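Take a look at the structure set out below.
The values are calculated or read from the model by the stated rules, or taken from the named source; none is laboratory data. Given the structure is predicted, the values throughout are model-derived calculations rather than measurements. A quick note on method: Cβ atoms are made from the backbone with ideal geometry, for glycine too, and the neighbour counts reach across all protein chains shown.
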Amino acid sequence: MARINLLPWRAERRKQRQKDFVTMLGGALIAGVALVFAGSWYYDQQLQGQTNRNDFLKQRIEDVKKEITEIEGLEARKASLLQRKQVIEDLQADRSQNVRLFEELVRTIPDGVRLVTITQTGQELKLSGRSQSESRVSAYMRNLEASGLINNPRLSIIRAGDSTQTSGPARPAAPADRALPFGFEMTVTLRSTSDEAAAEDAAADGAPSNAPAAVPSNAPTAPAQAS
């Protein structure tokens with residue numbers, strides 16, 4: 001016997017499809033919302049991480065700036081200490097140079113020449129004295145040039161009588177001056193310590209130490225006169 005289904009199956013299938021569609025739509029909506037939240041959370045984490053890195057870099061930059069400031073302060077202190085050291089070394093060099101200077105002035109002065117005054121201004125020395133003759137003054141200038149400590153001697157005045165008297169009648173010669181009738185004034189330049197070191201290095205490299213020093217062309221020499 002044939003069986004006939006009289007139930008409204010089409011309506012039931014339509015309802016089932018609508019129910020499945022609503023379920024899928026709800027699932028898609030939930031998945032979309034979850035995906036949006038997941039993306040938002042991911043980007044928030046990335047942004048927070050970048051912010052933390054930026055804060056770390058800013059802190060490191062501040063630390064480096066402080067270190068640079070400290071280094072600059074140390075460099076300034078180092079420069080100040082080096083300057084003080086240089087001043088002390090210069091003072092020590094000047095002290096030894098003054099001792100050598102007087103030794104050279106005594107060693108190089110020839111017979112028949114006497115120094116009266118010595119005036120120093122920086123690296124310039126003004127020497128004034130008396131001599132038996134003009135040739136003795138020329139010999140003294142050559143000795144000073146060859147000393148190694150003094151260079152560029154320049155004769156300012158040489159004449160009979162008082163060299164310090166520039167105008168007016170000549171005063172009578174004192175008894176002590178009769179044996180040294182010529183008065184003279186000359187200016188010399190002290191060699192700096194760097195020049196001396198360069199000269200010593202040149203001598204160590206093979207320069208002849210016994211070679212006579214040349215008299216500078218701009219140094220006036222007195223005419224030779226028998227003493």
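Can you tell me which residue within the stretch 178-196, out of those that are surrounded by fewer than 18 Cβ atoms within 10 Å (Cβ to Cβ) and touching an Asp or Glu at 6+ places or on another chain (Cβ under 9 Å), is modelled with the highest pLDDT? Among them, the one singled out is 187. Do the conditions hold for residue 81, that is, is it assigned by TED's automatic domain parsing to the domain that holds residue 182 and either at pLDDT 85 or above or not in a helix (DSSP H, G or I) (or both)? Criteria not met by residue 81.
Within the stretch 108-128, the residues that satisfy the criterion of being among the small types (Gly, Ala, Ser) and either assigned to a strand (DSSP E or B) or closer than 15 Å to residue 98 by Cβ (or both) are 122, 128. Taken together, 97, 86 contain a single residue that is surrounded by 10 or more Cβ atoms within 10 Å (Cβ to Cβ), in contact (Cβ under 8 Å) with a residue 60 or more places away in the chain and not assigned by TED's automatic domain parsing to the domain that holds residue 190, which is 97.
Of all the listed residues (122, 129), the sole one being surrounded by fewer than 18 Cβ atoms within 10 Å (Cβ to Cβ) and assigned by TED's automatic domain parsing to the domain that holds residue 181 is 122.
Here's the yes/no breakdown for (1) touching a helix residue (DSSP H, G or I) at 6+ places or on another chain (Cβ under 8 Å); (2) over 30 Å from residue 139 (Cα atoms):
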site	(1), (2)
71	no, yes
76	no, yes
85	no, yes
89	no, yes
97	yes, no
120	no, no
